[in-house]
Amino acid sequence: MDNLDLPQSITVGRLQEALSLQAIGSNNTLTQSISQLSIQTILFSGINTFSLPLVGETIILEPTANGSISLTVEVSNQKITLFFSQENPSPWPIICDKASDWLERELGRVLMTSERYTQMIAEHLTRGKGFSFLASLQEIFGCDIFLINKQLEVLGWAGGKTVPLVPISFKPPRISPNLPKPFAPLYTGQWADKKLRPVPLTWCPLSGPKGVLGFLGLAEDIQNIGSIKQFFLHKTTTLILLELVKTQSIQDSERQHHRDFLFDLLYNNFDSLEVIISRGKLWGWDFSKPHFVVVGEITGYDPDSADRERFEELLTEMTTLLHKRQPKTICLERNGQVVLLFPLQDMLPQSEWHSKALGLLEPILKIINSIPGKQPFQYGLGNLYNSARYLHRSFQEARTALELGKLFDKPDRLIPFYDLGIMRLLHRLDRQELEDYRSEILGPLLKFDKESNLSLEETLLAYFSCNTDLNAAGEKLYLHPNTLRYRLKKASEILDRDLSSLENQVNLFLALKIGRIKSLWPD
């Protein structure tokens with residue numbers, strides 16, 4: 001693809017030169033500043049209006065009684081007027097015609113270059129060369145440039161001037177998908193590498209009818225991207241959008257096939273391990289290896305709420321971070337939950353499961369700003385099996401660990417299924433049987449709690465959870481040991497059970513745990 005030079009910007013200063021106007025007054029700094037402004041529209045007083053398809057300012061030109069020309073522009077909500085004398089005085093209509101002719105010629109140069117520019121990119125894409133034309137755009141725009149899709153995957157990279165030749169990490173753009181069409185405004189970005197943060201980064205969103213499909217990143221200060229560069233960026237984004245829509249459609253179709261296969265796998269819809277392994281190879285996954293299954297969610301998140309947009313942003317960010325660390329990680333969304341499959345080289349002993357899973361999750365555990373007003377992601381970890389035939393079991397275990405993890409007073413954000421103890425067995429039993437058992441064991445105490453404020457059920461649960469340590473239970477309940485002793489004695493009397501008996505402790509502890517599980521049951 002041939003290179004070409006972009007036309008000069010159509011500025012107030014160049015218009016001044018074309019009309020042979022000389023500034024009147026001594027404020028050279030202000031005059032110089034105004035002369036650098038790009039023109040979008042010129043209002044010729046009493047004659048007509050001339051508009052350009054470029055970003056810029058609206059300029060008002062008027063004749064004055066003493067024969068000078070006034071130029072007015074509004075900058076930062078402040079109107080500024082400058083006065084100019086004519087080197088060769090001409091009637092006002094002649095000046096307007098001369099200015100219009102100059103603007104038309106300049107616009108003609110822009111449009112001719114634009115036609116050639118558009119044809120160059122279109123031919124490149126038509127030949128199936130992908131986004132390698134970014135190398136030419138790097139020379140045209142005079143800065144390093146790269147292209148990413150809405151999943152933040154780098155589709156094309158042209159570096160070497162101020163950033164490395166190979167892709168480097170950047171802070172993901174946080175821009176609303178509801179941007180104006182066809183050309184969205186530019187946004188300032190930042191590199192993730194602290195050494196490169198002094199290098200400027202500007203995001204140019206690729207916004208189409210279906211929202212933002214990607215971004216062009218320019219290693220250029222946003223202030224230096226003038227009207228002409230923005231005009232040609234608009235041409236670039238229009239063509240890239242067409243290509244992205246095509247590739248996005250293909251990717252969406254592939255992702256749907258991915259999802260269908262993975263959900264068949266997680267719900268045990270395959271007849272043999274051989275089928276699972278062969279189907280997985282089609283997508284580049286090796287299911288002959290063991291996989292950790294992790295299920296995560298944000299407590300209180302509703303997938304049908306307005307938080308959906310932020311959730312999808314988080315999912316994209318998580319996927320990007322995980323793939324950088326381990327490219328074969330599988331990440332998908334299911335009814336507001338995140339399902340992660342981490343491939344391992346070999347089986348691990350149970351004593352290493354938790355620490356290994358934490359290490360794999362480390363990049364996304366640092367994401368603590370989930371959704372405003374909501375808690376960070378919590379995760380459940382299923383048991384590790386040596387065959388993909390049992391991934392469905394591990395998936396159900398991870399979901400159970402996530403659900404029951406809400407009942408534990410632990411700061412851990414990853415709850416392993418194997419660490420649930422008796423709770424995982426109770427969770428599988430018939431609810432009515434559990435309720436009947438709880439009533440038989442704790443019935444009198446539950447009735448007493450409704451009629452008093454001693455909270456004996458909570459007291460017993462804390463006491464047993466602390467291994468009958470009075471001091472630890474007292475600290476947990478913020479009670480003096482004597483107060484705790486009184487409550488325990490009261491509970492023993494109401495239940496007519498000796499709390500020091502191991503059998504009674506087991507029965508009471510199970511009934512108390514059923515009460516915690518019951519809190520998860522739908523009304």
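Label points 7 Å out from Cα along the Cβ direction at ARG516 and THR247: separation in nm?
Simple spin-label model gives 5.0 nm for this pair.
Heavy atoms only, 1.4 Å probe, whole protein assembly: order THR31, THR329 by accessible area, highest first. Could the numbers behind the result be given before it?
Numbers: THR31 30, THR329 5 Å².
Largest accessible area first, the residues go THR31, THR329.
Among PRO209, GLN138, ASN149, which residue has its Cα furthest toward the positive end of the charge dipole of region 80-227, with +1 on Lys/Arg Cβ and -1 on Asp/Glu Cβ?
ASN149
Using the Cα gyration tensor of region 447-523, with a ≥ b ≥ c the square roots of its eigenvalues, what is the shape: rounded (a/c below 1.5), prolate (a/b larger than b/c) or oblate (neither)? Provide the component values of the computation, followed by the final result.
On the way: a/c = 1.37, a/b = 1.29, b/c = 1.06.
In terms of gyration-tensor shape, rounded.
Measuring from a point 7 Å past the Cα of THR49 along Cα-to-C-beta, which residues in region 66-83 have an amide N at less than 18 Å?
72-75
Sum -39500 (n - 2.57) across every DSSP H segment of at least 4 residues in the chain, then divide by the residue count to get the 222 nm mean residue ellipticity, nearest 500.
-15000 deg cm²/dmol
So what's the net charge close to LEU314: Lys and Arg +1, Asp and Glu -1, counting the other residues with Cβ under 12 Å from its Cβ?
-3
Taking the chain, how much of its Cα-Cα pair set, in percent, is spaced more than 29 angstrom apart?
Numbers: 91803 of 136503 pairs.
Tail of P(r) above 29 Å: 67 percent of Cα pairs.
Using Cα pairs closer than 8 Å and at least 6 residues apart in sequence, work out the relative contact order for the chain, in percent.
Once normalised by length, the contact order is 9 percent.
Mind listing the Cα extents of region 32-95 along all three principal axes, in Å, largest one first?
30, 23, 18
Using r as the Cβ-Cβ distance of SER288 and LYS235, and R0 as 56 Å, what FRET efficiency do you calculate, to the nearest 0.05? Mind showing how you got there, number by number?
Numbers: r = 49 Å, r/R0 = 0.88.
The pair SER288/LYS235 has a calculated efficiency of 0.70.
Below 15 angstrom from the Cβ of SER500, what's the summed charge of the other residues (Lys, Arg +1; Asp, Glu -1)?
-2
Based on alpha-carbon atoms only, what is the radius of gyration of region 1-155 relative to the globular estimate 2.2 N^0.38 Å?
The reported ratio for this selection is 1.33.
If Rh is defined by the Kirkwood formula over all Cα pairs and Rg also comes from Cα, what ratio Rg/Rh do you get for region 243-357?
Result: Rg/Rh = 0.98.
Would you mind getting me the FRET efficiency between ARG105 and GLN375? Use the beta-carbon distance for r and R0 = 60 Å, nearest 0.05. Display every interim value, and only then the final one.
Numbers: r = 62 Å, r/R0 = 1.04.
Computed FRET efficiency for ARG105 and GLN375 comes out at 0.45.
Counting only Cα, what are the radius of gyration and maximum Cα-Cα distance Dmax of region 184-301, in Å?
For region 184-301, the Cα-based Rg and Dmax read 21.2, 61 Å.
How many nm is it between the label spots at LYS328 and ILE277, if each spot is 7 Å from the Cα in line with the beta carbon?
Going by the 7 Å Cα→Cβ label model, 1.3 nm.
What number comes out for accessible area per residue over region 25-152 if the probe is 1.4 Å? Units Å², please.
52 Å²
Please give, to one decimal in nm, the separation of the simple spin-label points placed at LYS366 and TYR418, each 7 Å out from Cα toward the Cβ.
In this crude label model, LYS366 to TYR418 measures out at 2.8 nm.
At a threshold of 8 angstrom on Cα-Cα distance, excluding pairs fewer than six apart, so keeping six or more, what relative contact order does region 163-297 reach in percent? Display every interim value, and only then the final one.
Details: 123 pairs, mean separation 20.2, N = 135.
Reported relative contact order: 15 percent.
Please report, in whole Å³, the volume per residue of the convex hull around the C-alpha atoms of region 341-385.
Values: hull volume 3.7 nm³, N = 45.
Each residue corresponds to 83 Å³ of Cα convex hull volume.
Would you mind classifying region 408-468 by shape? Square roots of the alpha carbon gyration tensor eigenvalues, ordered a ≥ b ≥ c; an a/c under 1.5 is rounded, otherwise it is prolate if a/b is larger than b/c and oblate if not.
Taking the square roots of the gyration eigenvalues as a ≥ b ≥ c, region 408-468 is oblate.
For the chain, which whole percent of the accessible surface, found with a 1.4 angstrom probe, sits on carbon and sulfur atoms?
Details: 13190 of 26910 Å².
Reported share for carbon and sulfur atoms: 49 percent.
With charges only on Cβ, +1 for K and R and -1 for D and E, what is the dipole size of the chain about its Cα centre, in debye, rounded to 20?
Roughly 620 debye, rounded to the nearest 20.
How many angstrom lie between the Cα centre of region 342-363 and the Cα centre of region 185-223?
36 Å
The values are calculated or read from the model by the stated rules, or taken from the named source; none is laboratory data. None of these values were measured; they are calculated from a predicted model. In this analysis, Cβ positions are derived from the backbone assuming ideal geometry, glycine residues included, and neighbour counts consider all displayed protein chains. Side chains included, ligands, DNA and RNA excluded: accessible areas come from the protein's heavy atoms. Shrake-Rupley method; radii C 1.70, N 1.55, O 1.52, S 1.80 Å.
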